[in-house]
Structure formats: C-alpha cells, structure tokens
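The structure appears below as structure tokens.
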C-alpha cells in the first residue's frame, strides 16, 4: 500500500509539472516576445522599412546622377553654371535670383 501511494504522488507531481511546463510555453507562444502576435508586428515593420529603403535608394540614385554630372571628365555646362551662380550669388542684369537657404 505504501508503495502505490508514493507512486501516485510521483505520477501526480510529474503530471502537474508537465502541465506547468506546457502552460508556460503555451503562454509564451501566444503572448511572449516571439509570439504569433509579435510576428505580425515584425512583418508590418519589415514592410515599412522596405518602403523606406526604396525611397532612400531613389534619393541616392538621384544624388549619384547629380555627382556624375560634376565629374571632371564630363562636366555638364548647365550644372557648372548652376553651381557657380549658387556659390558666387551671381546673376546677369536681366535675371532674377531667388535664394533659398533650405537644406
């Protein structure tokens, strides 16, 4: 009789311990930092950052195109004129200059 009562207590403690571990991992699976809900949040953040990346790449390409026009091997006369007028604040008598200090 003594042996079966110990066996029952052991079996119950293993059962409740297993249930506790299962509940712990189940709770973290639904509400923890690596949960399904958090996975959806991460996917939305990835989409947001991908859109921002596309925008930044487009701006970078525009700047690269502008830099290519300023290279010594192939200086664009219009670009050179624009940069000189901007730097020297120079305008002809028949021109109207608008200075914009935004950066």
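Quick notes on this structure:
- Each listed q (0.13, 0.16 Å⁻¹) maps to a log10 I(q)/I(0) for the range 3-55, found by the Debye formula over equal Cα scatterers with no solvent: -0.54, -0.64.
- Rounded tilt (10° steps) of 36-69 against the dominant C-alpha axis of the chain: 20
- Entry note, the chain: the mean residue ellipticity at 222 nm calculated from DSSP H runs of n ≥ 4, each adding -39500 (n - 2.57), is -26000 deg cm²/dmol after division by the residues and rounding to the nearest 500.
- Taking label positions 7 Å along the Cα-Cβ direction at both residue 54 and residue 95, the computed distance is 3.8 nm, reported to one decimal.
- Computed from Cα positions, the angle between helix 2-31 and the longest principal axis of the chain comes to roughly 20 degrees.
- Top of 14, 67, 54 by mean-square fluctuation, Gaussian network on the chain, Cα under 10 Å: 14
- Built from the Cα atoms of the chain, the convex hull projects on average onto 13.6 nm², one quarter of its surface area.
- Binned Cα-Cα distance frequencies in the range 46-103 - 10 Å width, integer %: 19, 32, 29, 15, 5, 0
Read the figures in this text as sums done on the coordinates, not as results from a lab. Owing to the predicted nature of the structure, the values given are computational and were not obtained by experimental measurement. Don't worry about glycine lacking a Cβ; one is built from the backbone with ideal geometry, like all the others, and counts go over all protein chains shown.
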